[in-house]
Amino acid sequence: IEQQQNIIHTAQFPDATKYEEDINNLYFDSFGSANRSIPYGPSSVALDFSFPNSQNLYGLPLHTTSYTLEETINDEPYRLFNSDVYGYPLDSKGAIYGAIPYVLSRSEKDYVEMLWLNGADTWIDIRNDPHKNAHWISEAGTIEFFLFAASTPDAIIFKLHVIIGRAPIPVYAMLGYHQSRYSYNDEKDVREVDEGFDSRQIPYESIWLDIDHTVERKYFTWDKSKYPDPLALQELYKNKSRFVVTIVDPHLSDDKGYFVYSQALQRTDISLFVLNKDKDTYHGKCWPGSSVYIDYLNSQAREFWIDLIVNYPDTSDNHFIWNDMNEPSVFESIEMTMPKDCLYFL
């Protein structure tokens, strides 16, 4: 019977196999020679916004093109999708590190702004005829947006921050010049740079230490062969009213001998890491090699992270943290970031 059904099925629908393949392909997209899973397949949400009397549209950071949003009718649309893009092209509307779904319209008499509250991969087409128009399309999620109008720039920005919150007042020293390079060889190198600023009477506020100050690029550690006395270094800077800043990234080495990973594994009640589509811990490659990624949507993971910062080894009140690679960055993967079907705590 099964063979007969197959014969009938094939006879009646000669392209059935191809049709099934085409349907399955809608749940994948290609990037170069690689394919990746799209959890919601061909679904999307979209909406057009028109701005009559608008002279210019601004916003949609972060892109390497003009500050004024350009018409995209003969070009690629603006894309919002965080990605660690090394050597990104200029004059491009492609996605890079930041993705802020915000547009500001300026007319002769007033200002209008909109916030598209959707974190999925998003594309925006800009049209100028007959008036300024922004067409938004996101591959998943729901339609949620905010519109504001005001007569002055400060008033319109104030309304935006009522929704998204206000930035905290930065530490005074953060407003000065900060010295950073990739990378310093060791503490001796750092001290020589510091002395070079002093000898040339160049003021600066802090020194930023990149990944090479750590043990095998494992964060919250100091390579004592290069930095034998981190507290003494911080004291030296404190005496000059300067600060020491060290890098901490959200990817962690999955070496079980690494104290941070080992502590996280002790939590058997809940995973503190991002999961793959099969609900196992997601492992990707980044600076330490094979790595796991903290799931910041999980309040317990956030508490775990806070505890690491509070108890950062060999640090003082003259130490600050540089939080980097938040795209999140994943080496040797499509678009240098996580698969779209990774799972997070909800």
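Tell me which of these Glu187 doesn't satisfy, since it passes every other one: (1) modelled with pLDDT of 95 or more; (2) surrounded by fewer than 20 Cβ atoms within 10 Å (Cβ to Cβ).
So Glu187 meets the others, but not (2).
Taking Ile163, is it hydrophobic (A, V, I, L, M, F, W, C) and either surrounded by fewer than 17 Cβ atoms within 10 Å (Cβ to Cβ) or under 30 Å from Val244 (Cα atoms) (or both)?
So Ile163 passes the test.
Which condition does Asp324 not pass, out of (1) more than 20 Å from Pro39 (Cα to Cα); (2) open to solvent by 50 Å² or more (accessible area, probe 1.4 Å); (3) acidic (Asp, Glu), if it passes all the others?
That leaves (2) as the condition not met.
Suppose we filter Glu327, Glu335 for residues that are acidic (Asp, Glu), at pLDDT below 95 and part of a loop (DSSP other than H, G, I, E, B); which single one remains?
Glu327
Results for (1) modelled with pLDDT of 95 or more; (2) open to solvent by less than 90 Å² (accessible area, probe 1.4 Å); (3) outside any loop (DSSP other than H, G, I, E, B), shown as yes or no for each residue.
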residue	(1), (2), (3)
Ile270	no, yes, no
Lys277	no, no, no
Ser290	yes, yes, yes
Arg302	yes, no, yes
Trp305	yes, yes, yes
Leu308	yes, yes, yes
Tyr312	yes, yes, no
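Name every residue in the range 278-309 that is of a type in the set (Ser, Thr, Tyr) and more than 23 Å from Tyr182 (Cβ to Cβ), in order of residue number.
Selection gives Thr281, Tyr282, Tyr296, Ser299.
Go through the range 48-70 and report how many residues are in contact (Cβ under 8 Å) with a residue 12 or more places away in the chain, open to solvent by 30 Å² or more (accessible area, probe 1.4 Å) and either hydrophobic (A, V, I, L, M, F, W, C) or under 14 Å from Ser105 (Cα atoms) (or both).
Qualifying residue count, the range 48-70: 9.
Within the range 211-224, work out how many residues are open to solvent by 20 Å² or more (accessible area, probe 1.4 Å) and either free of Cβ contacts under 8 Å to residues at least 12 places away in the same chain or within 17 Å of Tyr237 (Cβ to Cβ) (or both).
Number of matching residues: 3.
Pairs under 9 Å by beta carbon, first residue open to solvent by less than 100 Å² (accessible area, probe 1.4 Å) in the range 166-184, partner of a type in the set (Gly, Ala, Ser), six or more apart or different chains?
Listed pairs, sorted by first residue: Ala173/Ser206; Ala173/Ser241; Met174/Ser206; Gly176/Ser206; His178/Ser206; Gln179/Ser206; Ser180/Ser206.
Have a look at Val112, Val103 and point out the one that is under 25 Å from the mean Cα position of the chain (by Cα) and either surrounded by fewer than 18 Cβ atoms within 10 Å (Cβ to Cβ) or of a type outside the set (Ser, Thr, Tyr) (or both).
Step by step, each of Val112, Val103 is checked, and only Val103 is under 25 Å from the mean Cα position of the chain (by Cα) and either surrounded by fewer than 18 Cβ atoms within 10 Å (Cβ to Cβ) or of a type outside the set (Ser, Thr, Tyr) (or both).
Answer yes if at least one residue in the range 84-94 is touching a Lys or Arg at 6+ places or on another chain (Cβ under 6 Å) and of a type in the set (Ser, Thr, Tyr), and no otherwise.
No: the range 84-94 contains no residue that is touching a Lys or Arg at 6+ places or on another chain (Cβ under 6 Å) and of a type in the set (Ser, Thr, Tyr).
Only residues in the range 127-152 that are within 23 Å of Ile164 (Cβ to Cβ) and of a type in the set (Phe, Trp, Tyr) count as the first member; pair them with residues that are in a strand (DSSP E or B) and open to solvent by 50 Å² or more (accessible area, probe 1.4 Å), Cβ under 6 angstrom, at least 6 apart or cross-chain, and list the lot.
If the second residue must be in a strand (DSSP E or B) and open to solvent by 50 Å² or more (accessible area, probe 1.4 Å), the pairs left are Trp136/Leu47.
Does the range 335-345 contain any residue that is of a type in the set (Lys, Arg), open to solvent by less than 70 Å² (accessible area, probe 1.4 Å) and under 25 Å from Asp186 (Cα atoms)? Break it down into steps so the answer makes sense when it comes.
Keep residues of the range 335-345 that are of a type in the set (Lys, Arg), which gives 340.
Now restrict to residues that are open to solvent by less than 70 Å² (accessible area, probe 1.4 Å): 340.
Those still in the list that are under 25 Å from Asp186 (Cα atoms) too: none.
Taking every residue of the range 335-345 in turn, none turns out to be of a type in the set (Lys, Arg), open to solvent by less than 70 Å² (accessible area, probe 1.4 Å) and under 25 Å from Asp186 (Cα atoms).
In the range 235-254, which residue that is open to solvent by less than 10 Å² (accessible area, probe 1.4 Å), in a strand (DSSP E or B) and touching a residue at least 40 places away in the same chain (Cβ under 8 Å) is nearest to Tyr219 (Cα to Cα)?
Val248
Just wondering, is there one or more residues in the range 24-47 that are at pLDDT 90 or above, in a strand (DSSP E or B) and within 30 Å of Lys109 (Cβ to Cβ)?
Yes: the range 24-47 contains one or more residues that are at pLDDT 90 or above, in a strand (DSSP E or B) and within 30 Å of Lys109 (Cβ to Cβ).
The values are calculated or read from the model by the stated rules, or taken from the named source; none is laboratory data. What you see is a predicted model, and the numbers here were worked out from it, not measured in a lab. Neighbour counts run over all protein chains shown; Cβ positions are idealised from the backbone, glycine included. Protein only, heavy atoms only, side chains kept; ligands, DNA and RNA dropped before computing areas. Shrake-Rupley method; radii C 1.70, N 1.55, O 1.52, S 1.80 Å.
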